[in-house]
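J.: Below: one structure in structure tokens.
The values are calculated or read from the model by the stated rules, or taken from the named source; none is laboratory data. Since the model is a prediction, treat every value here as computed from it, not as a measurement. For neighbour counting, all protein chains shown are included, and Cβ atoms are generated from backbone atoms with ideal geometry for every residue, glycine included. These area figures cover heavy atoms from the full protein model, side chains too; ligands, DNA and RNA do not enter into them. Shrake-Rupley method; radii C 1.70, N 1.55, O 1.52, S 1.80 Å.
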Amino acid sequence: MRPVRDRVFFTTMAAVILVVIFIGFAPSYYLRGILPAPHPYEPISPVVMLHGLVFSAWVILFGVQASLVATNRVAIHRQLGKVGMVLIAIMIPLAILTALQGVDRPFSRPPGIPGLTWLAVPLLDVPVFGGLIVAALAFRRTPAIHKRLMLIAMVDLLQPALGRIPDPAWLPLALSPLQTLVFLVPLFVWDLVTLKRIHPATLWGSAAIAVVMFTVPLIWTSPAWLAFAGWAHGLIG
């Protein structure tokens with residue numbers, strides 16, 4: 001009985017994540033020019049367009065993979081996992097390149113925050129997201145760990161989408177990590193209900209993204225960070 005309930009839970013969470021990402025990026029990407037823009041947007045550069053396409057493919061693949069497990073088509077799920085490995089190998093360097101180019105795109109970050117300061121958000125988060133995915137793939141033969149790490153990585157991916165709902169200024173910047181972390185609460189509750197404890201993958205995966213989220217504002221204006229960010233940005237021109 002529990003495997004069936006597990007499939008329903010993780011599939012539902014995948015659906016929620018897909019909806020949130022679509023809503024967050026609808027005005028600036030998916031339905032750009034159709035929905036009214038709540039604030040000015042930067043022109044979509046070729047790198048940003050490619051970034052959006054690749055990450056969208058990943059999000060769709062995540063939803064498909066969750067539904068395949070839910071319908072007990074595990075063999076297809078494993079075959080599509082190879083596509084996921086290719087995508088993640090593209091996504092990580094592409095995310096870094098997009099972040100570096102974003103320094104020169106002032107409308108791509110909250111008002112009043114310098115580009116090199118804001119660069120800390122993507123550059124420190126990309127290794128966490130990538131690390132969670134790599135760990136999930138490494139534990140793909142251990143479903144309980146694999147599906148939790150994948151879900152946590154996708155919650156981490158919600159940050160830019162949530163920052164656009166309904167407007168980047170609706171929540172004080174210092175508290176903005178909370179709107180992402182709240183999506184981890186159902187997983188903690190699920191663990192307590194089904195396992196009577198918090199699964200280690202849930203605990204450590206969630207801790208990884210929480211630590212980075214709350215550490216970034218502590219270091220992003222430091223001379224050391226600004227020097228590093230300036231050096232990194234200089235690599236693209």
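J.: Just to confirm a number: summing +1 for Lys and Arg and -1 for Asp and Glu over residues other than Leu158 whose beta-carbon lies under 12 angstrom from that of Leu158, what do you get?
T.: -1
J.: Hey, in the GNM for the chain with a 10 angstrom Cα cutoff, which one of Ser222, Ser206, Ser56 fluctuates hardest?
T.: Of Ser222, Ser206, Ser56, the most mobile in the Gaussian network model is Ser222.
J.: Projected onto the charge dipole of the chain (+1 at Lys/Arg Cβ, -1 at Asp/Glu Cβ, origin at the Cα centre), which of Ala208, Leu178, Gly234 gives the Cα projection farthest towards the positive end?
T.: Looking along the dipole axis, the top candidate is Ala208.
J.: Measure nothing but the geometry: give the 0 to 90° angle between the long axis through the Cα atoms of 2-25 and the longest principal axis through the Cα atoms of the chain, rounded to 10°.
T.: Between helix and principal axis, roughly 20 degrees.
J.: Which number do you get for Rg(Cα) / (2.2 N^0.38 Å) in segment 107-237?
T.: 1.16
J.: Tell me the relative contact order for the chain as a rounded percent, counting alpha carbon contacts under 8 Å between residues six or more apart.
T.: About 23 percent, as a whole number.
J.: Could you work out the pair-distance distribution P(r) of the chain from its alpha-carbon pairs, with 10 angstrom bin width and percents rounded to whole numbers?
T.: With 10 Å bins starting at 0, P(r) equals 7, 31, 37, 20, 6, 0.
J.: Carbon and sulfur: what percent of segment 1-140's accessible surface (1.4 Å probe)?
T.: Its accessible area is 75 percent carbon and sulfur atoms.
J.: Under the rule of -39500 (n - 2.57) per DSSP H run of 4 or more residues, summed and divided by the residues of the chain, what mean residue ellipticity at 222 nm is obtained, to the nearest 500 deg cm²/dmol?
T.: -23500 deg cm²/dmol
J.: Cα extents of segment 29-136 along the three principal axes, largest first, in whole Å?
T.: Largest to smallest, the principal-axis extents are 49, 33, 21 Å.
J.: Put a dot 7 Å past each Cα toward the Cβ at Ile236 and His39; how far apart are the dots in nm?
T.: 2.0
J.: If the convex hull of the alpha-carbon atoms of segment 29-87 is projected onto planes in all directions, what is the mean projected area in square nanometres?
T.: 5.4
J.: Could you provide, to the nearest whole Å², the per residue accessible area of segment 1-121 with probe 1.4 Å?
T.: Result: 53 Å² per residue.
J.: Taking the Cα centroid of segment 33-101 and of segment 192-237, what is the distance between the two, rounded to the nearest whole Å?
T.: With segment 33-101 and segment 192-237 each reduced to a Cα centre, they are spaced 21 Å.
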